[in-house]
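Trainee: Below you'll find the structure I mean.
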Amino acid sequence: MIHVLVIGAGAMGSTHAAAYADMPNAYLAGIVDTDAGKGARVAEACGTSSFTSYAKAMEALDRVDVVDVCLPTPLHKKHVLQAADDGKHVICEKPLARSLADAREMIDHCRSRGVRLFVGHVLRFFHEYAHAKRLLDDGVIGNPAVIRAGRGGGYPIGWQHWYSDFGASGGITLDAMIHDFDFLRWCFGEVERVYAKGLHGRVHAQLDYSLVTLRFQSGAIAHVEGTWSHEGFSMNLEIAGTQGIIGYDSARDQPLLSFQRGGHAGGGGGVPVPESPVEENPYFQELRHFLNCIEQDEEPIVTAEDAYEALRIALSALKSMETGRPVDLGAGAADLSSKGVIGS
Amino acid sequence: MKIGIVSFAHMHAYSYAKALIQLEGVELAGIYDPDEQRGQKFAGILGTSYYGDYAELLSQGLSGIVVTSENANHKEHVLAAAKAGVHVLCEKPISTNAADARDMIEACKAAGVMLQTAFPVRYNRSVIRAKQMIDEGKLGRILAMKGTNRGQNPGGWFVDPALSGGGAVIDHTVHVADIMRWFTGAEVKEVYAEIGQLMSAVPIDDCGILSIEFDNGVFATLDCSWSRNPSFPTWGDVTLEIVGTAGTLTIDAFGQKLNVFSEERGYRHHFWGDDMDFGLVRDFVASIAEGRTEANVTGVDGLKALEVALAAYRSAERLTAVSPAEL
């Protein structure tokens, strides 16, 4: 039995807490949130205790094996380093950090403290995406050529509007498109070049929209769209290869769509709510996999180094937007200040 | 009104010919085709005369001519029409290079004939309605656009750069680049492109993603790939996603379709919306009838869209964004 402490009772923290509560080999030791009411609500729903700080939780709890950090990006580093110092294995939400230097420090620190570090690139565990990867690996569509991926919806509010602080969140490109960057790299290998355009810096409104082109070392080309300018979440993927096409669009392929009428009979007022029910949701599968990797000392499907590379792609996209130039990832370009920019 | 057609090299010729036949007061006066067998065949199907010499066709008292020859041959045919004083509807891309396109525009202007670039998507009802909503300010200010014009590799002369000027990028950039210019009223400032031959056995660019910066700060991407396979339920697509300050707009120009599942052909889309090729040809004929000196969609529009494709090729060579003005 692995004892897990979840930090953060937001959307992701409560999803993770619920997953641990259902997991046979996990014990949800507690949940931490600076908002006592929020923490208590999730704790009650999941049958655990809530705390208003990590220190208080560690003081009160007899045993914690894993700390799962589900906090806004700028708070990741402090908590990951602290948990590692306390000798706890760490699961951290994506993106691992806002900068490559922080990400490297976190990875190195966990290694030096002898604890595992897992990063929640959950898209690899989404049934539809994992299935697409299997088809690809089975050669069903031949050699992949042009890929289109996209995700997004409305502008997220989050804790104290932290998403709208670009310095903290990196906007949609870093916060959400990093899912696709990681998944695409898993499928198609290393990225050679990134070129990107985005709304950041162009408009003063709570809107973000990014269009990113990835050129893989294999020659394949991927177009990735990220939007916080639309209504209602959706995500999509299309892989066109030499022998066929795999396509998915959550906005069109809807297994379950409910609509609750508003106050008056026959009138509108509500919004359609899509669901895609599965026995084990992707978060559950991801977290169980991470815990199994700890128990059996195995490498995870997605490593901290993978998370680092996904971050490098996302930051390269931001760099490209800023400079108007493609960013070369090939030549060990860990430095995203200016050196990686082609033609500079 | 007598209208002729120069060459059935481009498959759009047949669709345009059918439109001409349907239009009242219009006579499909003849077909020139250097490929006599092909020309005779279509002349027979369409109930018109075949000409083995385009000069002869142009001297039949024509009001207008539709040029649907290979891209590299547009110039020769358009210049001949201008010389004969015949208005021209020229298939896209207007040419394989900017210099030829400029010569064509100049020649038509000097001869006082209209040069219209065949951009049928401008006559798609969903696209027209979108333009109306944009002009009414429903989206606020346009911020960004995401377009696709994907299709199948057409093969034949389309994959012979000497005749086509290039592959997917020159073939499929111009339609949506034109619509983006039309919607924004802005000109393209810079183009970056990732281009590849990733599917075809023949050496030709068949995949491309363009990133476009407009001179009013709008940015866009465009997927021009020949990435649809024979099993895909339709030939391809024209889609455009527009993000504005006040809203978003999603266009699927061929979304007016039935899903047909037949034993013979599998799953296919059947488009039931208004025929945009008919709208295009009707507009050309109407402009001639009204005695206009400039078409609704001009040769310059054709050149501007072509420049986007040419800038994309240059960008892929240089690995940097390229301004059409540099070309």
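The values are calculated or read from the model by the stated rules, or taken from the named source; none is laboratory data. It should be emphasised that the depicted structure is a prediction, and the values quoted were computed from it without experimental measurement. Cβ sites come from the backbone with ideal geometry, for glycine too, and all protein chains shown count toward neighbours. Protein only, heavy atoms only, side chains kept; ligands, DNA and RNA dropped before computing areas. Shrake-Rupley method; radii C 1.70, N 1.55, O 1.52, S 1.80 Å.
Trainee: Checking the table B:Lys138/B:Lys189; A:Lys38/A:Lys77; A:Lys319/B:Lys138 against a 29 Å threshold on Cα-Cα, which pairs fail?
Mentor: A:Lys319/B:Lys138
Trainee: Report the trypsin sites (Lys or Arg not before Pro) located in region A:62-155 that are in a DSSP loop and have at most 11 other Cβ atoms inside 10 Å of their Cβ, or state none.
Mentor: Loop-located and lightly packed - A:Arg63.
Trainee: Which residues' amide hydrogens lie under 5 Å from the amide hydrogen of B:Glu241, considering only partners 5 or more residues apart or on another chain, with H built in the peptide plane?
Mentor: B:Lys146, B:Gly147, B:Ile251
Trainee: Follow-up. A plus B alone minus the pair: what accessible area, both sides summed, probe 1.4 Å, in Å² to 100?
Mentor: Numbers: alone 15850 and 13860 Å², together 26790 Å².
Counting protein atoms only, the buried area is about 2900 Å².
Trainee: Please give, to one decimal in nm, the separation of the simple spin-label points placed at A:Asp86 and A:Met1, each 7 Å out from Cα toward the Cβ.
Mentor: Rounded to a tenth, the inter-label distance reads 1.9 nm.
Trainee: At 1.4 Å probe size, with every protein chain present, just tell me what the per residue accessible area of region A:2-122 comes to in Å².
Mentor: Accessible area per residue: 39 Å².
Trainee: Given labels modelled 7 Å from the Cα in the Cβ direction, how far is it in nm from B:Asp215 to B:Trp272?
Mentor: 4.4 nm
Trainee: Under the rule of at least 5 residues apart or a separate chain, name every residue whose amide H is placed under 5 Å from the amide H of B:Ala193.
Mentor: B:Ser211, B:Ala316
Trainee: Next up: Viscosity 1.002 mPa s, temperature 20 °C: give me the Stokes-Einstein translational D for the protein assembly as shown in µm²/s, with Rh taken as the Kirkwood radius over C-alpha pairs. Mind showing how you got there, number by number?
Mentor: On the way: Rh = 27.3 Å.
Translational diffusion coefficient: 78 µm²/s.
Trainee: Hull surface divided by four, with the convex hull built on the Cα atoms of chain A: how many nm²? Can you show the working numbers first?
Mentor: Values: hull surface 76.2 nm².
For chain A, averaging the hull's shadow over all directions gives 19.1 nm².
Trainee: Okay, next question. Remind me, relative contact order of chain B in percent, using alpha carbon pairs under 8 angstrom and six or more residues apart?
Mentor: Relative contact order, chain B: 20 percent.
Trainee: Which residues make up the longest stretch of chain A that has no GluC sites (Glu not before Pro) in a DSSP loop with at most 14 other Cβ atoms within 10 Å?
Mentor: In short, A:1-189.
Trainee: Set the Förster radius R0 to 35 Å, insert the Cβ-Cβ distance between A:His127 and B:Glu326 as r into 1/(1 + (r/R0)^6), and round the FRET efficiency to 0.05.
Mentor: Working: r = 48 Å, r/R0 = 1.37.
FRET efficiency, A:His127 to B:Glu326: 0.15.
Trainee: Region B:1-87: which GluC sites (Glu not before Pro) are DSSP loop and have at most 10 other beta-carbon atoms within 10 angstrom? List each step's numbers first, then the result.
Mentor: Working: sites: B:Glu24, B:Glu27, B:Glu36, B:Glu56, B:Glu70, B:Glu76; in loops: B:Glu24, B:Glu70.
Passing both the DSSP loop test and the Cβ count: B:Glu24.
Trainee: What FRET efficiency comes out for the pair A:Gln296/B:Thr234, r = Cβ-Cβ distance, R0 = 45 Å, nearest 0.05?
Mentor: 0.40
Trainee: Apply 1/(1 + (r/R0)^6) to the Cβ-Cβ distance of A:Ser218 and A:His161, taking R0 = 35 Å, and write down the FRET efficiency to the nearest 0.05.
Mentor: For A:Ser218 and A:His161, the calculated efficiency is 0.30.
Trainee: Using θ = phi - 60° and the Karplus form 6.51 cos²θ - 1.76 cosθ + 1.60, what ³J(HN,Hα) does each residue of region A:137-152 get, whole Hz, x for Gly and Pro?
Mentor: Values, residue by residue: 5, 7, x, 4, 10, x, 7, x, 10, 10, 10, 10, 9, x, 7, x Hz.
Trainee: Which aspartates and glutamates have a Cα less than 20 Å from the Cα of B:Lys41, not counting those fewer than 8 places away in the same chain?
Mentor: In chain and number order, the partners are B:Glu27, B:Asp33, B:Asp53, B:Glu56, B:Glu70.
Trainee: Further question: Give me the tail of P(r) for chain B as a percent: Cα-Cα pairs with distance above 31 Å.
Mentor: 30 percent
Trainee: Among the GluC sites (Glu not before Pro) in region B:239-278, which ones are in a DSSP loop with at most 13 other Cβ atoms within 10 Å of the Cβ? Mind listing them?
Mentor: In loop regions of region B:239-278 (DSSP not H, G, I, E or B), the sparsely surrounded GluC sites (Glu not before Pro) are B:Glu263, B:Glu264.
Trainee: What full-extension length gain, to one decimal in nm, is calculated for B:Ala289 and B:Ala162 as 0.36 nm per residue of separation minus the Cα-Cα distance?
Mentor: Between B:Ala289 and B:Ala162, full extension yields 42.1 nm more.
Trainee: Please report the antiparallel percentage of the DSSP beta bridges confined to the protein assembly as shown, to the nearest 5.
Mentor: Within the protein assembly as shown, antiparallel bridges account for around 55 percent of the total.
Trainee: For A:Val278 and A:Thr242 in one chain, what is 0.36 nm times their gap in residues minus the Cα-Cα distance, to one decimal in nm?
Mentor: 9.8 nm
Trainee: What residues qualify as long-range amide H neighbours of B:Tyr51, i.e. H under 5 Å apart, gap of 5 or more or another chain, H built at 1.01 Å from N?
Mentor: B:Ile31, B:Tyr32, B:Asp33
Trainee: Going by accessible area, probe 1.4 Å, with all protein chains left in place, what is the ranking of A:Thr15, B:Thr298, B:Thr250, largest first?
Mentor: The ordering from most to least exposed comes out as B:Thr250, A:Thr15, B:Thr298.
Trainee: Please state, as a whole number in µm²/s, the translational diffusion coefficient that the Stokes-Einstein equation yields for region A:2-122 at 37 °C and 0.692 mPa s, with Rh defined as the Kirkwood radius across alpha carbon pairs. Kindly include the intermediate steps, with their values, before the conclusion.
Mentor: Working: Rh = 14.0 Å.
Stokes-Einstein gives a translational diffusion coefficient of 235 µm²/s.
Trainee: Considering only the other residues whose Cβ falls under 13 Å of the Cβ of B:Gly156, what net charge follows from Lys and Arg at +1 and Asp and Glu at -1?
Mentor: Net charge around B:Gly156: -3.
Trainee: What is the local net charge at A:Pro326, summed over the other residues whose Cβ is closer than 9 Å to its Cβ (Lys, Arg +1; Asp, Glu -1)?
Mentor: +1
Trainee: Related question: Given labels modelled 7 Å from the Cα in the Cβ direction, how far is it in nm from B:Lys83 to A:Arg202?
Mentor: With each label placed 7 Å out from Cα toward Cβ, I get 4.6 nm.
Trainee: Roughly what % antiparallel, to the nearest 5, for the DSSP beta bridges in region A:94-233?
Mentor: Numbers: 14 of 21 bridges.
Just about 65 percent of them are antiparallel.
Trainee: Strictly over 20 Å apart at the Cα level, which of B:Lys2/B:Lys304; B:Lys75/B:Lys109; B:Lys2/B:Lys75; A:Lys94/A:Lys197 would you flag in this model?
Mentor: Values: B:Lys2/B:Lys304 30 Å; B:Lys75/B:Lys109 14 Å; B:Lys2/B:Lys75 22 Å; A:Lys94/A:Lys197 22 Å.
Long pairs (Cα-Cα over 20 Å): B:Lys2/B:Lys304; B:Lys2/B:Lys75; A:Lys94/A:Lys197.
Trainee: Specify whether the C-alpha gyration tensor of region B:121-273 places it in the rounded, prolate or oblate class, a ≥ b ≥ c being the square roots of the eigenvalues: rounded for a/c under 1.5, otherwise prolate if a/b is larger than b/c and oblate if not. Spell out each step's value before the answer.
Mentor: Details: a/c = 2.44, a/b = 1.26, b/c = 1.94.
Verdict is oblate for region B:121-273.
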